[in-house]
Amino acid sequence: MILVADCGSTKIDWCLLNNGKVEKQVFTLGMNAVMLTEEEMRRRIADELAPEMDGYPVEEVYFYGAGCISPEVCSNVARAIGANLPDAKTIEVHTDLLAAARALCGRSAGIACILGTGSNSCFYDGDVIVDNVSPLGYILGDEGSGAVLGKIFLGDVLKKQLPADLCEKFLKEYDLDRMEIIRRVYKEPQGNRFLASVTPFLLANIDRPEIHALVLNAFKAFFIRNITQYPSYANYEVNFIGSIAYYYRPVLEEAAKACGCRVGTIIKSPMEGLIKFHTA
């Protein structure tokens with residue numbers, strides 16, 4: 001049996017495959033491999049996953065996760081899994097970006113992107129990632145992401161760059177004021193998640209010219225500063241995983257066209273594509 005895992009900071013989606021079909025699906029608490037020790041990960045897997053796999057001979061494990069960015073971190077994750085699944089002869093640990101590439105492109109070459117709370121992109125040869133423009137995070141990069149959309153919007157609200165009625169509507173709907181916004185961004189952990197949490201307001205008001213322009217320009221920046229850096233980008237469609245790409249597709253396609261790019265497949269999460277990749 002094959003176990004495929006899509007790991008985020010909030011949850012891990014474990015999908016057990018038997019002869020190409022889903023045998024069992026389990027959800028456990030998410031984890032960032034950079035933030036946890038091998039022992040902490042081992043205990044979590046022992047408590048949350050191992051009991052669910054009792055009686056299932058797992059022979060192969062393919063784990064994709066945020067934070068799996070170095071050989072050392074990947075080795076820690078692999079050992080933590082192996083300690084709990086002793087029958088597994090193959091354990092591979094990869095980045096969430098490779099999960100996106102394999103889910104979107106399968107075994108064909110292409111451009112794969114993540115556009116959710118953060119953003120990332122790569123050129124994929126059908127097996128591995130061969131080129132990646134560094135996303136740099138929401139302070140220096142992450143163009144088009146939920147965090148950056150929220151950062152631009154909140155800055156415009158507080159600096160009164162948007163119509164007064166729109167600003168008042170937002171502040172009332174989210175029960176926020178200037179000091180609370182500043183506190184949430186600068187004083188609390190994971191400010192990027194707070195910034196991204198305001199994007200439903202942008203989507204609900206996307207017909208307002210000011211909001212449409214804000215989102216459109218953020219997406220254009222994503223294509224210009226990331227996708228057009230790949231030498232052969234014009235020969236490929238640009239494929240996306242993530243809630244921002246999924247819900248804002250019309251504006252994303254508008255931005256792509258303006259930048260000489262073509263949008264291809266857009267899906268919210270990679271698991272369905274990963275199942276196809278690992279059972280084909």
(request) Go ahead and set up a Gaussian network model of the chain, Cα springs under 10 Å, then flag whichever of E143, E52, E173 fluctuates most. (result) E173
(request) Using a 1.4 Å probe over the heavy atoms of the protein chains, calculate the carbon and sulfur portion of the accessible area of the chain as a whole percent. (result) 50
(message) Would the range 114-192 count as rounded, prolate or oblate if I go by the C-alpha gyration tensor, calling it rounded below 1.5 in a/c and otherwise prolate when a/b exceeds b/c, oblate otherwise?
(response) prolate
(request) Enumerate the lysines that K169 could reach by cross-link, defined here as Cα to Cα under 28 Å, with residues fewer than 8 away along the same chain left out. (result) K151, K159, K160, K187, K220
(request) Grab the beta carbon distance between E272 and A204, set R0 = 22 Å, and tell me the FRET efficiency rounded to 0.05. (result) 0.20
(request) Counting other Cβ atoms within 10 Å, keep those with at most 16, restrict to DSSP loop, and tell me which GluC sites (Glu not before Pro) in the range 228-280 are left. (result) E237
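Run lengths n ≥ 4 of DSSP H only: what is the helix-derived mean residue ellipticity at 222 nm for the chain, with -39500 (n - 2.57) per run over all residues, to the nearest 500?
-12500 deg cm²/dmol
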(request) Grab the eigenvalues of the alpha-carbon gyration tensor for the range 180-234, scale each by 5, take roots, and send me the semi-axes largest first in whole angstrom. (result) 27, 18, 8
(message) Output the 0 to 90 degree angle, nearest 10, between the alpha-carbon long axis of helix 249-258 and the longest principal axis computed from the alpha carbons of the chain.
(response) 70
(request) First measure r as the distance between the Cβ atoms of T90 and S197, then evaluate 1/(1 + (r/R0)^6) with R0 = 35 Å and state the FRET efficiency to the nearest 0.05. (result) 0.35
(message) Charges at C-beta only: +1 for Lys and Arg, -1 for Asp and Glu. How large is the resulting dipole of the chain about its Cα centre, in Debye rounded to 20?
(response) 700
(message) Over the range 31-137, what is the relative contact order in percent, taking alpha-carbon pairs closer than 8 angstrom and at least six residues apart?
(response) 21
(message) At 7 Å along Cα-to-Cβ for each site, give me the label-to-label distance between A109 and Y246 in nm.
(response) 3.0
(message) Using Cα-Cα distances under 8 Å and only pairs 6 or more residues apart, what relative contact order does the chain have, in percent?
(response) 17
(request) Quick one: what are the phi-derived ³J(HN,Hα) couplings along the range 68-85, Karplus 6.51/-1.76/1.60 with θ = phi - 60°, whole Hz, x for glycine and proline? (result) 7, 10, 9, x, 5, 5, 4, 5, 4, 5, 4, 5, 5, 5, x, 5, 9, 10
(request) Assuming R0 = 41 Å, can you tell me the calculated FRET efficiency for the pair N235 and D175, based on Cβ-Cβ distance, to the nearest 0.05? (result) 0.25
(message) Which one, A46, Y138, I182, projects farthest toward the positive side of the charge dipole computed for the chain from Cβ point charges (K/R +1, D/E -1)?
(response) I182
(request) Report, in whole Å, the centroid distance computed from the Cα atoms of the range 30-66 and the range 258-274. (result) 28
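Just how large is the dipole of the range 107-164 about the Cα centre, in debye to the nearest 20, putting +1 at every Lys and Arg Cβ and -1 at every Asp and Glu Cβ?
360
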(request) Could you work out which residue, out of G118, G264, G106, moves most in a Gaussian network model of the chain, that is, has the largest mean-square fluctuation with Cα springs under 10 Å? (result) G264
(message) Given a 10 angstrom Cα cut-off, can you work out which residue in R102, R208, R42 is the most mobile in a GNM of the chain?
(response) R208
(request) Tell me the trypsin sites (Lys or Arg not before Pro) within the range 134-204 that lie in a loop according to DSSP and have at most 13 other beta-carbon atoms within 10 Å. (result) K159, K160, K187
(request) For the range 153-168, take each phi angle, set θ = phi - 60°, evaluate the Karplus expression 6.51 cos²θ - 1.76 cosθ + 1.60, and give the result in whole Hz per residue in order, putting x for glycine and proline. (result) 5, 5, x, 5, 5, 6, 9, 6, 8, 10, x, 4, 5, 5, 5, 5
(message) Just to check I understand the Karplus step: with θ = phi - 60° and J = 6.51 cos²θ - 1.76 cosθ + 1.60, what whole-Hz values come out for the range 42-47, glycine and proline as x?
(response) 4, 5, 4, 5, 4, 7
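The values are calculated or read from the model by the stated rules, or taken from the named source; none is laboratory data. Since the structure is predicted, the reported quantities are computational estimates derived from the model, not experimental observations. Methodologically, a virtual Cβ is constructed for each residue, glycine included, from the backbone with ideal geometry; neighbour enumeration extends over all protein chains shown. Accessible surface is based on the protein model in full, side chains and every heavy atom, while ligands, DNA and RNA are left aside. Shrake-Rupley method; radii C 1.70, N 1.55, O 1.52, S 1.80 Å.
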